[in-house]
Amino acid sequence: MRRERFIAGNWKMNKGVSESLEFLDKFSVLLEQGEDIPDAVSVAIFPQAVNIVPMADHIRSRGVNILLGIQNVHWKPSGAFTGENSIPCAIEAGAKLALVGHSERRHIFREDDLWVSSKYLACLEQGVEPLLCVGETEEERNRGLTEDVIERQVSAVFSHDPGIMAEQERILIAYEPVWAIGTGLNATPRDAGECCAFIRELLSGLGGPSLADRSLISYGGSVKSSNSEDYLEQEEIDGLLIGGASLDPDEFYRIVCDAF
Ligand code: 13P
C-alpha cells in the first residue's frame, strides 16, 4: 500500500501578512473549484514566523486543510535568545510542524549536527512534529560523499538515543541536496529516489523496519509543477518540500494535485 503523501511549501524569508492571506484565499478557491485535499495527503506551509497567527486564523475560518509549520526553533522553551523562536510559542501561534536542519540554517547560519539534534529532540519533547532536512553540497557530491553525509546527518539525530525513535509514530525527513536548492539544477528523480531509499534503510537500521516503513521521506530542490510528478512516481519518494514554486498559489496547487 502507498504511504501517505506529504507536500510542503517552505516560503523562507518571503511574503508578509497580506500576501500570505491572499495566497490562502487563492489556494482555497482553487481547492473549492477542483478537488478537496484527500486524507492521505498532508499539505503544509512553512511561512515566516510572524505570519503564523494570522494564517492559522484564516485557515480555521476558511476550513482549509493545510498545516502550518515554523522554519526554525530554539531548543530552550524560553529565555534570553534574541531572535530565536520558542517551540511552545510557535505551537500556541498555530504551528504543528518545525523544519530542523534546513541547509540554509546549516550553511548560512552555521548550525552543526549538535544544534540540529538538540532542536530535533526539543521538538519531540515540547510537542511539535519535526521535519529533518539532510543533503550534501556539490563538493561533497563530486567527491562521492553523498551517502556518507546523509548517514552522518541522520545518525547525528537518532543514533545516540534509540528512545527518540521509539517515541515517534513516524519520522519526517526531506532529502534536499544543497546544490539543487534554488538553482534550477535538480537531482534526477532516480537519484533522488535512491537517496530517499538510502535514508529509509538507515531509519530501518536505527529504529526497525516498521517505523521506517511508516516514515515519510520527501525530496526538495528546484521542484516545479513541470517535474513534480516525476519525483512522486518514484516508489521511495513520499513527498516534496518546495521553495520558490510554492510561493505561487496556482503552481503550488498544480504540484499538490500531482499527489492526489
Ligand atoms: P527550491 O524549491 O526553491 O529549490 O527550494 C527548496 C528548499 O529549500 C525547500 O526547503
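Readers should treat all values here as calculations from the given coordinates under stated rules, not as data from a laboratory. All values derive from a computational prediction rather than experimental measurement. Positions of Cβ are generated from backbone atoms using ideal geometry, with glycine treated the same way; all protein chains shown enter the neighbour counts.
For the reader, a short list of remarks on this structure follows.
- Under the Karplus curve 6.51 cos²θ - 1.76 cosθ + 1.60, θ = phi - 60°, whole-Hz ³J(HN,Hα) for region 120-131, x wherever Gly or Pro sits: 4, 4, 4, 4, 5, 5, 9, x, 10, 7, x, 10
- Of the residues Gly16, Phe81, Ile59, the one whose Cα sits farthest toward the positive end of the charge dipole of the chain, with +1 on the Cβ of Lys and Arg and -1 on the Cβ of Asp and Glu, is Phe81.
- In the chain, taking the dipole from charged Cβ atoms about the Cα centre, the farthest positive-side position among Tyr120, Ile181, Pro249 is held by Tyr120.
- For region 109-172, a simple Cβ point-charge model (Lys and Arg +1, Asp and Glu -1, everything else neutral) yields a dipole of about 60 debye relative to the Cα centre.
- Computed P(r) (all Cα pairs; region 1-129; 5 Å bins; percent): 2, 10, 19, 22, 19, 14, 9, 4, 1, 0
- A straight line joining the Cα centroids of region 115-156 and region 1-71 runs 25 Å.
- 22 Å Cα-Cα threshold exceeded, pairs from Lys12/Lys119; Lys26/Lys224; Lys12/Lys96: none
- Approximating the spin labels as points 7 Å out from Cα along Cα→Cβ, the Ala80-to-Arg214 distance works out to 4.2 nm.
- Zone residues, region 83-98, relative to Arg170, backbone N less than 14 Å from point 7 Å out along Cα-to-Cβ: 97
- Ratio of Rg to Rh for region 68-115: 0.96 [Cα atoms; Kirkwood radius as inverse mean 1/r over pairs].
- Radius of gyration and maximum dimension Dmax of region 72-172, Cα, Å: 14.1, 44
- Applying 1/(1 + (r/R0)^6) with r as the Cβ-Cβ distance of Glu35 and Lys224 and R0 = 22 angstrom yields a FRET efficiency of 0.60.
- Within straight-line reach of Lys15, meaning a Cα separation under 12 Å, sit the following aspartates and glutamates at least 8 residues removed in sequence or on another chain: Asp248.
- Cα-based shape type of region 154-230, given that a ≥ b ≥ c are square roots of the gyration tensor eigenvalues and the cut on a/c is 1.5: prolate
- With the convex hull drawn over the C-alpha atoms of the chain, the volume per residue is 119 Å³.
- Pairwise FRET efficiency - Thr183 versus Asn65, Cβ, R0 = 30 Å, nearest 0.05: 0.45
- Net charge dipole size for the chain [Lys, Arg +1 and Asp, Glu -1 on Cβ; Debye, nearest 20]: 540
- Diffusion constant of region 125-260 at 4 °C, which comes from Stokes-Einstein with the Kirkwood Cα-pair radius and 1.567 mPa s, µm²/s: 85
- Among the trypsin sites (Lys or Arg not before Pro) in region 1-30, those located in a DSSP loop and surrounded by at most 10 other Cβ atoms within 10 Å of their own Cβ are Arg2.
- Cα-projected label distance for Leu124 with Glu139, points at 7 Å along beta-carbon direction, nm: 3.2
- Simple spin-label estimate for Ala197 and Met13 in nanometres, 7 Å along Cα-Cβ: 3.9
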